[in-house]
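Shown next, in structure tokens, is the structure this report addresses.
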Amino acid sequence: MVVKNNIEASRAKSGVRVMKPGEVLFNEGDQADSLYIVQKGQLRLFLKKGKGFVDIAVLHPGEVLGEMAYFDEKSRTRSCSASAIVTTELVEISFNAFGKTMKNLNPWFKTIINTLADRLRSTNAKVKELETSQVSIGRGDKASQYKFFNNVDIVRLLSMIYMVFRAHAKTEEGCYVINLKTVKYYATEIFAISEAKVLEFVNLLEEEGSVEIIADANKLPNVIRTKNYTRFYEWMAFLQGERLTADDRKIVFHERCEKILSRAFTMMDPAKVDKHTGLIPVNLSIIFSEFKAKNVELIPEDFDPAVEMGLAEEILVNEGILTSRMNYAQLQKVFFPVRFMNRVTELNSQKANSKY
């Protein structure tokens, strides 16, 4: 009866599975009972190395993963980890169902498949022994905190994106568009950046609102569109300068301050900027009230980092109204790249703290 129940449970696992961005499909060493076919989206395959991870490949629609565990009858464990880069749709096939198909094959064809699987497994083992780590080295030759994106990665990726737009972008409906395949070619063949990092980076840009991913003629999400690609060069220049700046002088602000600055930026009218001082007044009381209505309690002290960074003057209180004069040009220059780096930091933290 137990065996029958296990078989039925295995059969139940066959079907379509949808994964959210960042969701882990399986981890290296996990017990395996299914293989998968990618229908839509992309999956990142990687191996744990020290305190970090080594990217192996990115799988696209039509590709198969998890099949090696089927042929490893002794352990039936995953040889690497897999996670979704974007929303991904998979067809899951239980080993029980796949095994029935294998039994129906001609014996000589089954022998060929098993031989190829053995050779591939042996090759994978040798590659694993020779692989190099992406993990940075700390003091005493110890691995430092793992970062999926380090500062050099971000500067290189911004430079690459800007260069590709400048060289290959076409203009459509007031926007600049390029093909994602062109970006991946430059990244992997010229800049030696892994495809997994490229896709994660483009997704971050889309979440931040700097680009839009749209469908191509084949209805696949392979076109990147933006209204202003020069911003990537400006961000790169700013972040490059920050790399050379002492830690106590870097432009940083926490999430609560970011919320205030983001809303303040939308309230500013460039025509009202004082030509002599470059400052523009902003009613902070309106911002605090709006967030309170959303059950987000912000306080004046949350605005302190903006004052410390020279982005705004001290808060003034007049008849219960809180206002501050902000440096519009400086805020426009630093806010968006710093906000983007906050998203990068969040992503790094998520990946560093994931089970994987």
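The values are calculated or read from the model by the stated rules, or taken from the named source; none is laboratory data. Just so it is clear, the structure is predicted and the values come from calculations on it, not from any experiment. For neighbour counting, all protein chains shown are included, and Cβ atoms are generated from backbone atoms with ideal geometry for every residue, glycine included.
Brief remarks on what is shown
- From the options ILE251, ILE287, residue that is touching a helix residue (DSSP H, G or I) at 6+ places or on another chain (Cβ under 6 Å) and not in a helix (DSSP H, G or I): ILE251
- Filtered residues of the range 216-227 (kept if over 19 Å from ASN203 (Cβ atoms) and touching a residue at least 40 places away in the same chain (Cβ under 8 Å)): none
- Subset of the range 265-322 (residues that are in contact with a strand residue (DSSP E or B) (Cβ under 6 Å, 6 or more places away or on another chain) and free of Cβ contacts under 8 Å to residues at least 12 places away in the same chain): LYS272, LEU316
- Subset tally (residues that are under 17 Å from the mean Cα position of the chain (by Cα) and under 19 Å from LEU220 (Cα atoms)) for the range 170-203: 11
- Test: ILE224 is modelled with pLDDT of 95 or more and within 24 Å of GLU173 (Cβ to Cβ): yes
- Among the residues making up the range 307-343, those that are within 27 Å of LEU205 (Cα to Cα), among the polar types (S, T, N, Q) and surrounded by fewer than 17 Cβ atoms within 10 Å (Cβ to Cβ) are GLN330, GLN332, ASN342.
- For the criterion of being assigned by TED's automatic domain parsing to the domain that holds GLU297 and surrounded by 13 or more Cβ atoms within 10 Å (Cβ to Cβ), GLU206 fails.
- Subset of the range 228-264 that is farther than 22 Å from ARG156 by Cβ, within 23 Å of the chain's Cα centre (by Cα) and touching a residue at least 60 places away in the same chain (Cβ under 8 Å) - its residue that is surrounded by the fewest Cβ atoms within 10 Å (Cβ to Cβ): GLU255
- Looking across the range 314-347, not a single residue is in contact with a Pro (Cβ under 8 Å, 6 or more places away or on another chain) and either in the same structural domain as PRO21 (by TED's automatic domain parsing) or on the phi > 0 side of the Ramachandran plot (or both).
- Residues in the range 186-201 that are without any contact (Cβ under 8 Å) to a residue 40 or more places away in the chain and surrounded by 13 or more Cβ atoms within 10 Å (Cβ to Cβ): TYR186, ALA187, THR188, PHE191.
- Boolean, SER262 is over 29 Å from VAL202 (Cα atoms), assigned to a helix (DSSP H, G or I), of a type in the set (Ser, Thr, Tyr) and not assigned by TED's automatic domain parsing to the domain that holds VAL211: no
- Among the residues of this structure, TYR176 counts as one that is surrounded by 13 or more Cβ atoms within 10 Å (Cβ to Cβ) and touching a Ser or Thr at 6+ places or on another chain (Cβ under 8 Å).
- The condition of being in a helix (DSSP H, G or I) and among the aliphatic types (A, V, I, L, M) holds for only one of VAL282, VAL344, VAL317, VAL296, that being VAL344.
- Note on the range 145-185: residues that are over 24 Å from LEU347 (Cα atoms), among the hydrophobic types (A, V, I, L, M, F, W, C) and without any contact (Cβ under 8 Å) to a residue 40 or more places away in the chain amount to 3.
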